[in-house]
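A.B. asks: Mind having a look at this structure? Questions to follow.
Quick note: the coordinates plus some simple rules give every number you see, no bench work behind them. Quick caveat, the model's predicted, so the values are computed rather than measured. When we count neighbours, we look across all protein chains shown, and the Cβ atoms used for this are built from the backbone with ideal geometry, even at glycine.
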Amino acid sequence: MKEIKIISSSNCGNCELLYNVVSTIVKSKGIDAKVEKVIDVRELAKYGVMRTPLLVVNGKLKHVGTPIPDPQTIEELINQD
Amino acid sequence: MFEVYENLADYIVYTTFGLQKGERLSETIHFIIYDTLKIFTLLIVIIFFISFIRSYFPLEKTRKILSKHKSIALPLAAFLGVLTPFCSCSAVPMFIGFVEAGIPLSAAFTFLVASPMVNEIALGLLFSLFGFKVAILYLVFGIIVATVSGYIIDKLNPRNLIEDYVFELKFGESQIQELSFKERLEFAYHNVKNILKKIWLYIIVAIGIGGFIHGYVPQDIVENISKNAGVFSVPLAVLIGIPLYSNAAGILPVIQALILKGVPIGTALAFMMATTALSFPEFMILKQIMKPKLIAIFASIVGISIIIVGYLLNFIL
């Protein structure tokens, strides 16, 4: 099972958007994954990033900041290793 | 440069609608058509261009540049603040990241002011609606406000008003990959699309106000109001602007109306600076890392700097 983290900050519309898109993709494509939203600046620091949102799959950083990729790209980012 | 639009507006108003030249209604409609075409063209070009440049300065890179040039970090932070895309939601990680990289607090505060205040939307809108001179003045005085504010806040020794964990957190090596040229163009394109989607209505309202005043309000009334604008209009504009939460676009119809009503440009720009640089939601975000006293100091110093700049601009213009 994949572990997907959306690392966010408070008051961040694009973070909500990414979380919703990822959740929808996982559900509709039947991907075996746990999607979790994390609001913690420590998590951002770990990846040396100051922008949000971050898409992290199994501990690997897949995407940073805005603009948010289109759903198809996000699906590829989730599936690639 | 925009003759095509002038001719198009002529054609629509006088030929298609068959309205008479020189009448109020036809002049108003003509103004609105022409201005809408002109302003959207300018906005698309300006926002695309600045966004493209901005793609070279993500927050992480700006942090790196500042940490390498600590001795000139203060003015550099103001300058880079203009070039770096900023979202108030990044304020906390940005502040911690800067501190962790050993960037002086003065520069962190300066960046916190410059980045939201002077941006591609503000500059694009000011240039399109009020011309080159106003946009440049906003840019230059925005940088001055940010630099001076950062310098003064630092002199007040704010260290003990900042939460301790800000100074303890360690940042990992950035894993962000450089964008390709194509990705930068895409970034700029997306930015133009997203920004226009958010602001088009505000712009139409602003142009509508402009068109109405252009066609229906006699010039001498405008000049009269201008003469009667009191000496306290600048601090009043700033005080009203601080709690308001809006980006440059949302505030634009108000600015347009104010300027066309004869309110001096310095006062209007001070209002715009206060609205974009300071807001209650941002204070709430900053509360995660700063004591309320420091947020109050921050808001006061930035506010006072903007008031002084407002007076200066009114004096110059």
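A.B. asks: Translational diffusion coefficient, Stokes-Einstein: compute it for the stretch A:2-79 using the Kirkwood radius over C-alpha pairs as Rh, at 10 °C and 1.306 mPa s, and state it as an integer in µm² s⁻¹.
C.D. replies: Details: Rh = 12.2 Å.
So the translational diffusion coefficient is about 130 µm²/s.
A.B. asks: So how much slack lies between B:Asp10 and B:Val217, counting 0.36 nm per residue of separation and subtracting their Cα-Cα distance, in nm?
C.D. replies: Working: separation 207, 0.36 × 207 = 74.52 nm, distance 2.18 nm.
Here the segment from B:Asp10 to B:Val217 would lengthen by 72.3 nm.
A.B. asks: Of B:Lys182, B:Lys198, B:Lys261, which has the largest mean-square fluctuation in a 10 Å C-alpha GNM of chain B?
C.D. replies: Checking each option, the largest mean-square fluctuation is seen for B:Lys182.
A.B. asks: Can you give me the orientation-averaged projected area of the convex hull built on the Cα atoms of chain B, in nm²?
C.D. replies: Working: hull surface 70.5 nm².
Projected over every direction and averaged, the Cα hull of chain B covers 17.6 nm².
A.B. asks: Separation of the stretch A:1-61 and the stretch B:237-307 by C-alpha centroid, Å?
C.D. replies: 33
A.B. asks: Which cross-chain or sequence-distant (5 or more) residues have an amide H under 5 Å from the amide H of A:Lys62, H modelled 1.01 Å from N in plane?
C.D. replies: Placed amide hydrogens put A:Leu55, A:Val56, A:Val57 under 5 Å from A:Lys62.
A.B. asks: If you don't mind, there's one more thing I want to ask. Test of the criteria: in the stretch B:73-179, which trypsin sites (Lys or Arg not before Pro) are in a DSSP loop and have at most 13 other Cβ atoms within 10 angstrom of their Cβ?
C.D. replies: On the way: sites: B:Lys133, B:Lys155, B:Arg159, B:Lys170; in loops: B:Lys170.
In loop regions of the stretch B:73-179 (DSSP not H, G, I, E or B), the sparsely surrounded trypsin sites (Lys or Arg not before Pro) are B:Lys170.
A.B. asks: Could you tell me the calculated FRET efficiency between A:Glu76 and A:Lys34, based on Cβ-Cβ distance and R0 = 25 angstrom, to the nearest 0.05? Could the numbers behind the result be given before it?
C.D. replies: On the way: r = 19 Å, r/R0 = 0.77.
With R0 = 25 Å, the Cβ-Cβ based efficiency is 0.85.
A.B. asks: Between B:Asn157, B:Asn191, B:Asn119, which gets the highest mean-square fluctuation from a Gaussian network model of chain B, Cα cutoff 10 Å?
C.D. replies: Among B:Asn157, B:Asn191, B:Asn119, the largest mean-square fluctuation in the Gaussian network model of chain B belongs to B:Asn157.
A.B. asks: Among B:Lys61/B:Lys291; A:Lys34/A:Lys60; A:Lys37/B:Lys61; A:Lys5/A:Lys27; A:Lys46/B:Lys64; B:Lys197/B:Lys261, which pairs are too far apart, with a Cα-Cα distance over 18 Å? Mind showing how you got there, number by number?
C.D. replies: On the way: B:Lys61/B:Lys291 28 Å; A:Lys34/A:Lys60 15 Å; A:Lys37/B:Lys61 26 Å; A:Lys5/A:Lys27 15 Å; A:Lys46/B:Lys64 16 Å; B:Lys197/B:Lys261 28 Å.
Table pairs above 18 Å Cα-Cα are B:Lys61/B:Lys291; A:Lys37/B:Lys61; B:Lys197/B:Lys261.
A.B. asks: Within 10 Å of each Cβ in A:4-16, how many Cβ atoms from other chains are there, averaged over the peptide?
C.D. replies: Numbers: counts 0, 0, 0, 0, 1, 9, 6, 8, 5, 2, 3, 1, 0.
Mean inter-chain Cβ contacts per residue within 10 Å come to 3.
A.B. asks: So what's the protein assembly as shown giving for Cα Rg divided by 2.2 N^0.38 Å, two decimals? Could the numbers behind the result be given before it?
C.D. replies: Numbers: Rg = 23.1 Å, N = 398, 2.2 N^0.38 = 21.4 Å.
So the protein assembly as shown has a normalised radius of gyration of 1.08.
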